[in-house]
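Here the structure is laid out as structure tokens; the discussion comes afterwards.
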Ligand code: FES
Ligand code: MG
């Protein structure tokens, strides 16, 4: 053991408090030797029936425990706030930071020497990793894995790829209620998280690229027996990590973050990646700027042909060799010396991989696309930045000048978007306000709003949309997101009016509102900020402390960490 077990401060004492700490836990039937110097491993579980994507993690905890016990550890499972993407209102993003606080305090306050994070649905990965970083114990992530491919009318159907088109399918392809029901029952047909390259798959790949999972863990489908093996081996490994004192801060160096940005570009990962990776970096004390994502990621070739931008799904990705093939292909772009949870480097872990299907994973010499990463835009409309995913955008729109059609809120959008008298055509730019971190609150995934019915009827599928919100990782389109500062706190977006001209030039990284500074000053002087969205409770804390999107939308008071020390006792 390279340092004293922190659990001994609870269980190792022969005084009254040692008696208290041990004696109540014995009601679960642990033998005496469990309290005498075994590493105590917390299994942090985001299982919940309200988080369908994590529904299988209850069983997975038992498999992890098997591994912990085999290696001589003492596993203790505990629940943390679970965030179910498709169910929670107004958006899980509002609660990511809350879940991270729950994770952080649960780890620090308890007699844990190491932690296994069981994650799946979008926010359950970043929230638990953020919380764990602020304590900085030896920690390993067990990603719950994607669902099997969706099936519909004899073909594959990706998570999210149908629900974003329901309106269009009904209008243009005469889909009936039965068709829609068939799609509804054929998409999520096994345990696991979304199986397109949406945010959950992106997050799983992110943690593997950071070095926080066993090699190959991210892409194994949830129902594949090999996922269970991975969970058991992770249980064994965390006990060794405690003995080696291999902490998060040893693994999560600036170079590890750079690797993760490279891999995210190569897999065509979700735009939500930026906001979560920055929040994690903030917790572990690594300097990461919005511009870094562009500098490091935008020159990277796209290798993975997965929906929403490509053709295949996570199951195909796994059968083709999974993330290990991508990491090996990308080695010339990576820091291969970064250390991972198994104690080996990225270079060592991923040197022997075989690609079984080049249609799913392209080689670095013949990529699907050059320069694939996320572009960071600047201009008077987004002084602190905005982002766009060029691989998901339409070629003909990435340089465009158009007339703004402004919606002051989501409610305003819903009320007017299909009004036949709305003065809009396909060359216009849809501007959506008040969907940022403070404004909504919680920065929901609404940036890819549906086009007006009258434009969809013409067979047009894409228009430029600009907002201070986010977009689901399963969505696509020429969508400018994360405009910062947001409209609700007086960013320029707040002052855009119908008829203003907006210029987007992705090549030049430019987003410009063609209105003079004098006129903008006038509009600013007349502007009435929206009323605060909450007067009490967690949401009040959130709107008072949330940072803007370009900083990762963490609470300012949560940046950094407090370590694993607890100075005061409970009696
Ligand atoms: Fe949970 Fe997509 S809804 S991962
Ligand atoms: Mg999502």
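The values are calculated or read from the model by the stated rules, or taken from the named source; none is laboratory data. The structure presented is a predicted model; accordingly, all values stated were derived computationally and were not measured. Here Cβ is always computed from backbone atoms with ideal geometry, including for glycine, and neighbour counts include all displayed protein chains.
I need the full set of residues from segment 2-33 which are in a loop (DSSP other than H, G, I, E, B), on the phi < 0 side of the Ramachandran plot and surrounded by fewer than 19 Cβ atoms within 10 Å (Cβ to Cβ), in order please.
Passing the criteria: 2, 3, 4, 12, 13, 14, 15, 30, 31.
Right, residue 264: part of a helix (DSSP H, G or I) and either modelled with pLDDT under 95 or closer than 14 Å to residue 340 by Cβ (or both) or not? I'd like the intermediate steps shown before the answer.
Working: part of a helix (DSSP H, G or I): yes; either modelled with pLDDT under 95 or closer than 14 Å to residue 340 by Cβ (or both): no.
In short, no.
Against the list (1) more than 16 Å from ligand 1 (Cβ to nearest atom); (2) assigned to a helix (DSSP H, G or I); (3) surrounded by fewer than 24 Cβ atoms within 10 Å (Cβ to Cβ), the condition residue 111 fails is (2). Counting the residues of segment 145-157 that are within 16 Å of ligand 1 (Cβ to nearest atom) and out of contact with any strand residue (DSSP E or B) (no Cβ under 6 Å at 6 or more places or on another chain) gives 3. Selection of segment 118-147 for residues being outside any strand (DSSP E or B) and within 16 Å of residue 86 (Cα to Cα) yields 120, 121, 122, 123, 124, 125, 147.
Restricted to segment 191-213, and to residues there that are under 13 Å from residue 144 (Cα atoms) and in a loop (DSSP other than H, G, I, E, B), the residue that is nearest to ligand 2 (Cβ to nearest atom) is 194.
Annotation note: of 434, 474, 478, the sole residue that is in contact (Cβ under 8 Å) with a residue 60 or more places away in the chain, in contact with a helix residue (DSSP H, G or I) (Cβ under 8 Å, 6 or more places away or on another chain) and within 16 Å of ligand 1 (Cβ to nearest atom) is 474. Note on segment 478-571: enclosed strands (runs of 3 or more DSSP E) holding 2 or more residues that are within 23 Å of the chain's Cα centre (by Cα) are 479-484. Within segment 167-190, the set of residues being free of Cβ contacts under 8 Å to residues at least 60 places away in the same chain, away from ligand 2 (no atom under 16 Å from the Cβ) and under 27 Å from the mean Cα position of the chain (by Cα) comprises 183, 184, 185, 186, 189, 190. The residues of segment 261-300 that are without any contact (Cβ under 8 Å) to a residue 24 or more places away in the chain and over 23 Å from residue 249 (Cβ atoms) amount to a single one, 295.
If we keep just the residues of segment 34-63 that are farther than 16 Å from residue 77 by Cβ and not in a loop (DSSP other than H, G, I, E, B), which is farthest from ligand 2 (Cβ to nearest atom)? Out of the qualifying residues, it is 35.
All conditions but one from (1) surrounded by 15 or more Cβ atoms within 10 Å (Cβ to Cβ); (2) under 28 Å from residue 139 (Cα atoms); (3) without any contact (Cβ under 8 Å) to a residue 24 or more places away in the chain apply to residue 541; the one that does not is (2). Among the residues making up segment 148-165, those that are part of a strand (DSSP E or B) and either within 16 Å of ligand 2 (Cβ to nearest atom) or touching a residue at least 24 places away in the same chain (Cβ under 8 Å) (or both) are 150, 151, 152, 156, 157. Looking across segment 376-397, the residues that are at pLDDT 95 or above, under 20 Å from residue 291 (Cβ atoms) and surrounded by fewer than 22 Cβ atoms within 10 Å (Cβ to Cβ) come down to 378, 379, 380, 383, 384.
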